[in-house]
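The following block contains the structure, expressed as structure tokens.
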Amino acid sequence: MQDETMQEPKPDARAAEPTFSKTPKRAAMSGWLGGALEYYDFFIYAQAAALVFPTLFFPKGDATVAIIASLATFGVGYVARPIGAVVLGHLSDTMGRKRILLICMLVIGLSTTAIAFLPAYAAIGWLAPALLTLLRLIQGFAVGGEIAGASTMVVEHAPFGRRGFFGSFALQGVQAGQLIAAAIFLPLAAAMPQDAFHSWGWRIPFLLSLVVLLVGYLIRRGVEETPVFREEVAEGEVVRSPLKAAFKENGVNILRVFLMSNINVVPVTVTVFGATYATSAAYGNGFSATNFLWITVITNIVSLIFVPVFGAMSDRIGRRITCGTGIFGSAVLSIPFLYFISVGNEIMAMVFAVLMAGVLYSSHNSAYAAFYQELFTARTRVSGFALPFNVGTALGAFMPTIFAVLAPPGTNVPVIVGAMIVGIGVLAAAAAFSAKETSRIPMSELGKKDARPLSPAEYKRARSDDAGAATMTSSTSQQAPDGRAR
């Protein structure tokens, strides 16, 4: 992946792009680190909610009630995401992507670090889960603007015909963040005595969030505002109410993004409900916490490899088939994954976790960063993406709590939970396959009802011209203070 200051090629009049310069590599690195921070925090919170918080932040008594309450504190962070999506999406579409993303990163990192200092229930009673919930809400508010804004930043800097590939790096950062977190959680859980880990060892990963925050902030600060937004400002096309405009112009696509985003239930099933189902004494399936963490680690390593592969594939074969196939296939495999947990078969549980969340879900996960944005115009892009995406992922995040209620210990969990996931997958896949194919539509035409994809010949020529422009400008161009190439 080259770092270039370049201008989008113009294969024909319809494919004309903004004349502002682009820096794809730096934008991709910024998105990668933003995703890493968000999901580093996500992973350590999810694992702590499944393995530590039920006994630490809630009163002793009914184990099932403690599990449900702990998973609810995980899910409640997603309640704030739609609010953050509306507020931060509006600001991103009216004030610019970069400055809002810097705020998002700071709030996510600092709220996560603060969790490390929370006293347990034994020390301050119900104030402990109340403070935990408050910090989770603050974190969720900022996350509501992070992934939509970060992937918009990457895609709007990306070369024509490679938006899927470059956009996938924001999602590869998601997998990397979980791996970094697991690399810290695993040795702590394995090497420390259980009492020490439950007392203070679990706090270490939350403290180390500051390191990820510092690196990410320094890199993101050096990325230029996107050329697409600067062009909007230069032409006076910034709208006062982007979300209202998005509903008016692309209301059906908002529904599609919501339905597709519900498939977030797949990775949440592995990392949150799967961990609880496998390791909880109440369910009695006998998995150790350390062994199940290894399932999560291997799944994320596989996903880390496949995400850019599928992202590039979506540029070749299209977003719809890449997303739709991954959505449906990953949902179906949830049934054998849960079945092998229920019979205590760790090897087969790992195999199906890898196939479900590491391979098939990555097919969707790699392409949606570009696909969801390409359904909207530049002036409504972050708002149109952020709200339905965060509402959909919020529903997915609460599903472990719903699973724990509808499939408590003693019930046929693989059938009950698996059927629910497959139902969600059918609706999400239908939304993907019913959308317009966007991978070959020029950036300036995206979101318009009359937009027509380039013909195969035009598309091939555009990619070729863009590659030539990148090679030339990477060695000869400089960037002027106003952001234009000179």
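Here is a yes/no grid of residues against (1) at positive phi; (2) aliphatic (A, V, I, L, M); (3) touching a strand residue (DSSP E or B) at 6+ places or on another chain (Cβ under 7 Å); (4) touching a residue at least 24 places away in the same chain (Cβ under 8 Å):
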position: 259; (1), (2), (3), (4): no, yes, no, yes
position: 271; (1), (2), (3), (4): no, no, no, yes
position: 276; (1), (2), (3), (4): no, no, no, yes
position: 280; (1), (2), (3), (4): no, no, no, yes
position: 287; (1), (2), (3), (4): no, no, no, yes
position: 332; (1), (2), (3), (4): no, yes, no, yes
position: 347; (1), (2), (3), (4): no, yes, no, no
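Quick one: is residue 313 part of a helix (DSSP H, G or I), within 24 Å of residue 158 (Cβ to Cβ) and open to solvent by 30 Å² or more (accessible area, probe 1.4 Å)?
Taking the combined requirement at face value, the residue satisfies it.
Among the residues of the range 256-263, are any β-branched (Val, Ile, Thr), in a helix (DSSP H, G or I) and at pLDDT 90 or above?
Yes - at least one qualifying residue is present in the range 256-263.
Scan the range 94-105 and report the pairs whose first residue is in contact (Cβ under 8 Å) with a residue 40 or more places away in the chain and part of a loop (DSSP other than H, G, I, E, B) and whose second residue is open to solvent by 10 Å² or more (accessible area, probe 1.4 Å) and of a type outside the set (Val, Ile, Thr), with Cβ atoms within less than 8 Å and a gap of 6+ or a chain change.
The qualifying pairs are 96/225; 96/229.
Sticking with this structure for a sec: Among the listed residues 340, 352, which satisfies the condition of being in contact with an Asp or Glu (Cβ under 9 Å, 6 or more places away or on another chain) and either within 21 Å of residue 399 (Cα to Cα) or part of a helix (DSSP H, G or I) (or both)?
Checking each option against the conditions leaves just 340.
Could you please let me know if residue 237 is open to solvent by 40 Å² or more (accessible area, probe 1.4 Å) and under 23 Å from the mean Cα position of the chain (by Cα)?
So residue 237 does not fit the description; no.
Of the conditions (1) in contact with a Ser or Thr (Cβ under 9 Å, 6 or more places away or on another chain); (2) at positive phi; (3) not basic (Lys, Arg), residue 410 fails just one. Which one is it?
It fails just one condition, (1).
Right, here's the next one. Out of all the residues in the range 450-464, which are free of Cβ contacts under 8 Å to residues at least 12 places away in the same chain and either of a type in the set (A, V, I, L, M, F, W, C) or more than 21 Å from residue 167 (Cβ to Cβ) (or both)?
Listed by number, the residues that qualify are 450, 455, 456, 457.
Keeping to the range 131-156, report how many residues are open to solvent by 30 Å² or more (accessible area, probe 1.4 Å) and not hydrophobic (A, V, I, L, M, F, W, C).
Residues in the range 131-156 being open to solvent by 30 Å² or more (accessible area, probe 1.4 Å) and not hydrophobic (A, V, I, L, M, F, W, C): 1 in total.
On the phi < 0 side of the Ramachandran plot, free of Cβ contacts under 8 Å to residues at least 60 places away in the same chain and open to solvent by less than 60 Å² (accessible area, probe 1.4 Å), is that true of residue 359?
Spelling it out, residue 359 is indeed on the phi < 0 side of the Ramachandran plot, free of Cβ contacts under 8 Å to residues at least 60 places away in the same chain and open to solvent by less than 60 Å² (accessible area, probe 1.4 Å).
Tell me, yes or no, whether the range 196-211 has at least one residue that is touching a Pro at 6+ places or on another chain (Cβ under 8 Å), among the polar types (S, T, N, Q) and open to solvent by 10 Å² or more (accessible area, probe 1.4 Å).
No, there is no match, as no residue in the range 196-211 is touching a Pro at 6+ places or on another chain (Cβ under 8 Å), among the polar types (S, T, N, Q) and open to solvent by 10 Å² or more (accessible area, probe 1.4 Å).
Take the residues in the range 408-440 that are among the hydrophobic types (A, V, I, L, M, F, W, C) and crowded, with 22+ Cβ neighbours inside 10 Å; name whichever of them is farthest from residue 364 (Cα to Cα).
413
Of the residues 344, 329, 318, 324, which is within 17 Å of residue 260 (Cα to Cα) and out of contact with any helix residue (DSSP H, G or I) (no Cβ under 7 Å at 6 or more places or on another chain)?
318
Looking at 114, 128, 122, which one is open to solvent by 10 Å² or more (accessible area, probe 1.4 Å) and at pLDDT below 85?
None of the others qualify; the one that does is 122.
Take residue 180 and decide whether it is closer than 19 Å to residue 40 by Cβ and open to solvent by 10 Å² or more (accessible area, probe 1.4 Å).
Considered against the rule, which asks whether it is closer than 19 Å to residue 40 by Cβ and open to solvent by 10 Å² or more (accessible area, probe 1.4 Å), residue 180 comes out as yes.
Going residue by residue through the range 266-281, is there one that turns out to be surrounded by fewer than 14 Cβ atoms within 10 Å (Cβ to Cβ), closer than 30 Å to residue 404 by Cβ, out of contact with any Cys (no Cβ under 9 Å at 6 or more places or on another chain) and of a type outside the set (Val, Ile, Thr)?
Scanning the range 266-281 turns up at least one residue that is surrounded by fewer than 14 Cβ atoms within 10 Å (Cβ to Cβ), closer than 30 Å to residue 404 by Cβ, out of contact with any Cys (no Cβ under 9 Å at 6 or more places or on another chain) and of a type outside the set (Val, Ile, Thr).
Next up: Answer yes if at least one residue in the range 324-344 is of a type in the set (Ser, Thr, Tyr) and more than 30 Å from residue 415 (Cα to Cα), and no otherwise.
So far as the range 324-344 goes, no, none of its residues is of a type in the set (Ser, Thr, Tyr) and more than 30 Å from residue 415 (Cα to Cα).
Taking the range 75-96, which residues are buried (at least 24 other Cβ atoms within 10 Å of the Cβ) and either under 19 Å from residue 398 (Cα atoms) or at pLDDT below 85 (or both)?
Correct list: 77, 78, 81, 84, 85.
The values are calculated or read from the model by the stated rules, or taken from the named source; none is laboratory data. Note that this is a predicted model, so its numbers are computed, not measured. Ideal geometry is used to build each Cβ from the backbone, glycine not excepted, and the neighbour counts take in all protein chains shown. Heads up: the accessible areas ignore ligands, DNA and RNA and are worked out on the full protein's heavy atoms, side chains in. Shrake-Rupley method; radii C 1.70, N 1.55, O 1.52, S 1.80 Å.
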